[in-house]
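These notes concern the structure reproduced below.
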Amino acid sequence: MLQLGSSREAELTVSVDLATARVRLRPSLDGEVAESPFNHHLEGAIPVVESLPGESVKLRCCFNCSMSDYFHGGTGLSGMFCFRDSREAYGSVRSKDDYVRLVPDAITEYVDDLYVCRQFEQREPGTGYRG
């Protein structure tokens, strides 16, 4: 059983169909494998990690970080904005209007959904624009 707050290494295979700009994720943890269907968004494919049998799993990446969010008009494999240098301002976002006022001045960098930095903080429900 995975203990709350603990980290374990897992293998993550990412397949991208360049013709259709669709992505599929295939995480494997201790021999258990799950696979997402091809999806136009990593946002739709990443939650498959939580479906590994018998585990409560969260992928440690910018998608699950409390300091990152998507462009309010972006779609597809568009990446994310990181707000780690504007943590307090981003933490006060409660609506799309708040978020639009924050962007672009508060952005630290533009990152891939699967990127992770040393300042990663697990996203809690209700955080930022994505909620």
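I'd like the Karplus ³J(HN,Hα) series for the range 23-34: coefficients 6.51, -1.76, 1.60, θ = phi - 60°, whole numbers in Hz, and an x wherever there's a Gly or Pro.
Listing the rounded values in order: 10, 10, 10, 9, x, 9, 10, 6, x, 7, 10, 10 Hz.
Residues with beta-carbon under 14 Å from that of ASP98, excluding ASP98: net charge, scoring Lys, Arg +1 and Asp, Glu -1?
Values: positive: ARG94, LYS96, ARG101, ARG130; negative: ASP69, GLU88, ASP97, ASP105.
Surrounding charge for ASP98 is 0.
I need the Kirkwood Rh of the chain: take the reciprocal of the average 1/r across all distinct C-alpha pairs and report it in angstrom.
Values: mean 1/r = 0.0641 Å⁻¹.
Computed over the chain, the radius equals 15.6 Å.
Could you compute the net charge surrounding THR13? Neighbours are other residues with a C-beta less than 12 Å from the C-beta of THR13; K and R count +1, D and E count -1.
On the way: positive: ARG24, ARG26; negative: GLU11, GLU35.
Overall, the nearby charge balance is 0.
Could you give the length gained on full extension between SER95 and SER51, defined as 0.36 nm per residue of separation minus the Cα-Cα distance, in nm?
Values: separation 44, 0.36 × 44 = 15.84 nm, distance 2.95 nm.
Between SER95 and SER51, full extension yields an extra 12.9 nm.
Laboratory data are not the source of any read-out in this text; all were calculated from the coordinates shown. All of these numbers come straight from a predicted model, not from anything done at the bench. Positions of Cβ are generated from backbone atoms using ideal geometry, with glycine treated the same way; all protein chains shown enter the neighbour counts.
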